[in-house]
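One structure is given below, encoded as structure tokens.
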Amino acid sequence: MLLDLEHLALDRGGLLLVKRALRRAEDGESVAITGAAPDLWIHLRAWCRAEGHTFSYDGGDCAVITPGHAEANRWAGAERAGQANPLAPGALADHPPPQWGLAARGALIESGAPEFHFPLDAKIEVWSPDAVRIYAQAAAAQWDPATAIPWEAVFDLPAEVEDAVVQIMTYLIENETAALIVPSRFIAQLHPHFREVMQVLAIQVADEARHVEVFTRRALLKRPQLGLSTAGGQASLQTLVDEPDFATASFLLSVLGEGTFLSLLWFIERHAPDPVTAAVCRLAAQDEARHVAFGMSHLREHLNADPSVRERLANAVRRRHDALRHTAGLNAEVFDALLLMAAGSWQPADLQSGHDRVSALLHDMHVSRRKRLTYLGFSDTDADELSALHTRNFM
């Protein structure tokens, strides 16, 4: 086989042509190379020596390369990270090994690559068949806080109603901060073989960061400072942030916490006294619905494969309840703020209506939690018990 490099130097693209010619050469066939680039033969000789090829040059205008076996030997012990097509059915391994490391699913991995030890490396623990769909939906539904919310809307609330909104927003901020931290902790523990799950968690983190931004901006829209943060509220959230087990953390956060928060956000949107408050809660609720959907999906897969995990999750709810039984839970300021917002005025009849609406919200939260728990296979009795034990801080 003859290859003419003309004036092309090896480091300007010529090496690509040499490698291509060697790949196309039949077993044992040599490749004759001609070229006029300066120092071509010096560079070609050095490259052949490094690659294990035989280089012959007699001082003329042609050199001959006889392929060696170094390249073939280099990949002799290689293995593929799952199927060649990473999107093929069954491409996922149940337990990808450490030596697959950061390699893309389906890539051919050279032997001798370093091992990466990811704690979450079992498909049963993390996978959801809906991960691809949920990520695609989330990516398409991202919204810009600067343009999606009518920040310039003109409104002027009574001072005490505005204070109530500020307190509610302050409460939402710290809860959404916890919801940002929890998935962040687990992303780095995931084996990259399950990249779709990693992408879903990453976009959840981005969602929560955006929620913290818009809730903060709404709180400070007409006030110079935020509201109150209670010890009991933070104690409740600490039990989420400190939970080391992925399944348990997902259960407590997504199924119980964020599921309950969905009811709260839709409630605020429905009774919001101004268009900005309504918009930030509506958009946040749309994002949270995806977070709940993923948590429900991967936990259902996990529980179907290993029903014994169900008791572990139930015990986690009981332990959390016991740990928080001496705390105040939802602070009175937040409850009062929700009541006043739902009432819309200080008239006794309106306040009674506001109280009834908040009470209906609490009932709706309980009913929704029970539905999610029974969907995950908990009995009606267990679902009722666990829902009732969920933290009074909602999240």
Every listed condition ((1) assigned by TED's automatic domain parsing to the domain that holds SER297; (2) out of contact with any helix residue (DSSP H, G or I) (no Cβ under 7 Å at 6 or more places or on another chain)) holds for ALA103 save (1)
Matching helices (runs of 4 or more DSSP H) fully within the stretch 120-218 where at least 2 residues are within 27 Å of GLU333 (Cα to Cα), in contact with a helix residue (DSSP H, G or I) (Cβ under 9 Å, 6 or more places away or on another chain) and assigned by TED's automatic domain parsing to the domain that holds GLY257
159-187
Going through (1) among the small types (Gly, Ala, Ser); (2) in contact (Cβ under 8 Å) with a residue 60 or more places away in the chain; (3) surrounded by 23 or more Cβ atoms within 10 Å (Cβ to Cβ) one by one, SER250 fails only at (2)
Here is a check on your reading of the model: is LEU180 in contact with a strand residue (DSSP E or B) (Cβ under 9 Å, 6 or more places away or on another chain) and not acidic (Asp, Glu)?
no
Consider VAL367 carefully, then state whether it is crowded, with 16+ Cβ neighbours inside 10 Å, assigned by TED's automatic domain parsing to the domain that holds GLY259 and either of a type in the set (Val, Ile, Thr) or modelled with pLDDT under 95 (or both).
no
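Conditions tested, residue by residue: (1) at pLDDT 95 or above; (2) out of contact with any His (no Cβ under 6 Å at 6 or more places or on another chain); (3) over 30 Å from ILE134 (Cα atoms); (4) of a type in the set (Phe, Trp, Tyr).
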site	(1), (2), (3), (4)
LEU299	yes, yes, no, no
LEU303	yes, yes, no, no
SER308	yes, yes, no, no
GLU311	yes, yes, no, no
ALA332	no, yes, yes, no
SER345	no, yes, yes, no
ALA349	yes, yes, yes, no
ASP356	yes, yes, yes, no
SER359	yes, yes, yes, no
A careful count of residues in the stretch 33-74 that are among the hydroxyl-bearing types (Ser, Thr, Tyr) and more than 53 Å from the chain's Cα centre (by Cα) gives 3
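The values are calculated or read from the model by the stated rules, or taken from the named source; none is laboratory data. Since this is a predicted model, take the numbers as computed values, not measurements. Note that we place each Cβ from the backbone using ideal geometry, even for glycine, and neighbour counts take in every protein chain shown.
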